[in-house]
Amino acid sequence: MRIGVAATPQVAIPTLDWLLTTDHELALVITQPDKPAGRGRELKQSPVSEWAGIHGVTTLKPESSASLVEHLESLDLVITIGYGVILPESILKLPKFGFINLHFSLLPAYRGAAPVQRAIENGEEVTGLTVFQLDKGMDTGPVFTSMAVNMEPQWRSHEALEHLAQLGPVAIASSLESISLGVKPQAQAGQATMAPKISKAEAEINWRHNNRTIVNKIRAFYPAPSAWTLWNGTAVKITNARIHDTIEKLEPGQILFHNKKLLVGAENRGAVELVSVIPSGKNEMAAADWARGAHLHGGEYFG
């Protein structure tokens, strides 16, 4: 088949690499326009744009979907992976077999922009990926392929995404075979749930929650926007943490630095051991190193 890929993030790269090894023709890549980034606000390409440049694949960075029409009509199929733009139904019908999307959840669970993050936040033990036919809804189209994956308890969102991305080619290969054989996708079945984009405000840690809920949030929201808490009026990002069943009686948010471990109280006498942090204006560091530099001794409070 003559295929296009509409994608922006790093998680699309394993599927792009795989496509180059197949008999399919990767005719073009569609990605978001370069955007200002960093302190200098210099224009930066998306990971997919950089990949396409290295491999000499035609790249489109449309400001509007209307400019895609002439390019899509000659394609058999477009695969989308985190493209980040909602396309009108008229565009979705242009390729011979339309558009299919690789989504990192077992649909209809976790429809939306942050499926992996929300699954980790909710303490899910199983996640997965789904390849489905794009329609005008939000991740509502019929399914070609779904694959369940056990969630490792220590995974943060980027680690889970990296693992799922490596399985993307398997799910896409199965779906392309179904399409070539004329197999019709099946309507989604089960209870639909949503996975909206994460806001900075909701990433603030509430130390009155139990320690498992807090650690799940820290794992889920790394690397962006990162869970955070206030210390002396400034935000400290918590980038990794573990559940700690301390015998110390700590109040929610109360800090204890003991045996080179930085502990914070949660509800019901539970505690969270902070592993790494990003203090305001500094780089990521071990939580114990930060505690020593900040002269934490115990009795102080976050929040």
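Let me confirm something: among Pro223, Pro252, which residue is assigned to a loop (DSSP other than H, G, I, E, B) and touching a residue at least 60 places away in the same chain (Cβ under 8 Å)? Of Pro223, Pro252, the one residue that is assigned to a loop (DSSP other than H, G, I, E, B) and touching a residue at least 60 places away in the same chain (Cβ under 8 Å) is Pro223.
Only one of the numbered conditions (1) of a type in the set (Gly, Ala, Ser); (2) in contact with a Leu (Cβ under 9 Å, 6 or more places away or on another chain); (3) farther than 27 Å from Leu94 by Cβ is not met by Gly123, and that is (2).
Quick check on segment 206-237: of everything there that is β-branched (Val, Ile, Thr) and out of contact with any strand residue (DSSP E or B) (no Cβ under 7 Å at 6 or more places or on another chain), which residue is farthest from Arg156 (Cα to Cα)? This residue is Thr234. The residues in segment 122-135 that are over 15 Å from Tyr83 (Cβ atoms), touching a helix residue (DSSP H, G or I) at 6+ places or on another chain (Cβ under 6 Å) and part of a loop (DSSP other than H, G, I, E, B) can be counted, and the count is 1. Residues in segment 179-191 that are exposed (fewer than 15 other Cβ atoms within 10 Å of the Cβ) and at negative phi: Ser180, Leu181, Val183, Lys184, Gln186, Ala187, Ala189, Gln191. Here segment 1-38 is the region considered, the condition is being closer than 15 Å to Tyr83 by Cβ and assigned to a helix (DSSP H, G or I), and the residue that is farthest from the chain's Cα centre (by Cα) is Leu16.
Among the residues of this structure, Ile179 counts as one that is out of contact with any Lys or Arg (no Cβ under 6 Å at 6 or more places or on another chain), at pLDDT 95 or above and not in a loop (DSSP other than H, G, I, E, B). Could you tell me whether Arg111 is in the same structural domain as Ala27 (by TED's automatic domain parsing), basic (Lys, Arg) and in contact (Cβ under 8 Å) with a residue 24 or more places away in the chain? Against the criterion (in the same structural domain as Ala27 (by TED's automatic domain parsing), basic (Lys, Arg) and in contact (Cβ under 8 Å) with a residue 24 or more places away in the chain), Arg111 qualifies. Residues of segment 249-279 that are over 17 Å from Tyr301 (Cβ atoms) and either surrounded by fewer than 14 Cβ atoms within 10 Å (Cβ to Cβ) or touching a His at 6+ places or on another chain (Cβ under 9 Å) (or both): Asn259, Lys260, Lys261, Asn268.
The values are calculated or read from the model by the stated rules, or taken from the named source; none is laboratory data. Remember, predicted model here, so these are calculated numbers, not experimental data. Here the Cβ is made from the backbone with ideal geometry for all residues, glycine too, and neighbour counts use every protein chain on show.
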